[in-house]
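Worksheet: one structure, shown below.
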Amino acid sequence: MAMLTEHDVVNMRFKEPLRVEDGYDQDEVDDFLDLVAETIAQLTKDKADLEAQLQTAQTRAKELENAAAQAPVPAQPQQEAAADVNTEAANATSMLALAQKLHDEYVSNGKAESERMISEAESERTRIVNETNAERDRILKETEDNKNAVLTKLDEDRTVLERKISELRDFERDYRGRLKSYLESLLQNVNNSDAQA
């Protein structure tokens, strides 16, 4: 298993979602979290192994101390054995401290990256919502303006039509009056012709 590095965690980028409401691809995030979990599990196992090695080294050191106390040895080899035990213990302790430091850095960096990604997603969501609201308001305003323009035009057309209807009625009344006068005049002429005949 390839362990993640601090660089891998800090620079991880997920595919941008098509819509903010959908969020990041769940499978991609789960896969990444599985890698993080595996890395943490490996570091925890390494830490446990180092602790076991330290315990073994400490036990061995006690055994050597007990053996040294029971069987006198020349001064120089005893000092070398104690130095070896101290070196082993120091190495195990430093390895354990290094593993703990790496573990803490991975966890800290993972949390920081997670917070940064969440913050970026929130700001992107806010930007998209604001743009959508602005676009909706613009469309509603344009629709309202268009509706008002159509109503105004319809009012103007109605006024023009009412005026034309009024003119046509006046024309009809005038025409009927003239026609009636003309027909009466013709009828009177016919009556006069009959009377003369």
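The values are calculated or read from the model by the stated rules, or taken from the named source; none is laboratory data. Fair warning: this is a prediction, and the values are worked out from it, not measured in the lab. Glycine also receives a Cβ, built like all others from the backbone with ideal geometry; neighbour counts cover every protein chain displayed. Ligands, DNA and RNA are excluded from the accessible area calculation, which covers all protein heavy atoms including side chains. Shrake-Rupley method; radii C 1.70, N 1.55, O 1.52, S 1.80 Å.
Counting only protein chains, not ligands or nucleic acids, how are 98, 50, 64 ordered by accessible area (probe 1.4 Å), most first? Could the numbers behind the result be given before it?
Numbers: 98 100, 50 20, 64 55 Å².
Output order, biggest surface exposure first: 98, 64, 50.
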Query raised in the report: So what's the angle, to the nearest 10 degrees on a 0 to 90 scale, between helix 75-196 and the longest Cα principal axis of the chain?
Result: 0 degrees
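Across the range 116-197, how many lysine pairs, 8 or more positions apart or on different chains, have C-alpha atoms separated by under 30 Å? Please give the number. Don't skip to the end; give the middle numbers.
On the way: 141/153; 147/164; 153/164; 164/180.
Taking the Cα cut-off of 30 Å, the pair count is 4.
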Report summary line: In units of 2.2 N^0.38 Å, the Cα radius of gyration of the chain is 3.07
Requested in this report: Among the lysines, select those whose C-alpha is under 17 Å from the C-alpha of residue 101, and discard any that sit fewer than 8 residues away in the same chain.
Outcome: 45, 47, 111
**Report entry** Cα→Cβ-extended label distance, 7 Å offset, between residue 101 and residue 160, nm
**Finding:** 8.8 nm
Report task. At 1.4 Å probe size, with every protein chain present, just tell me what the per residue accessible area of the chain comes to in Å². Result -> 79 Å²
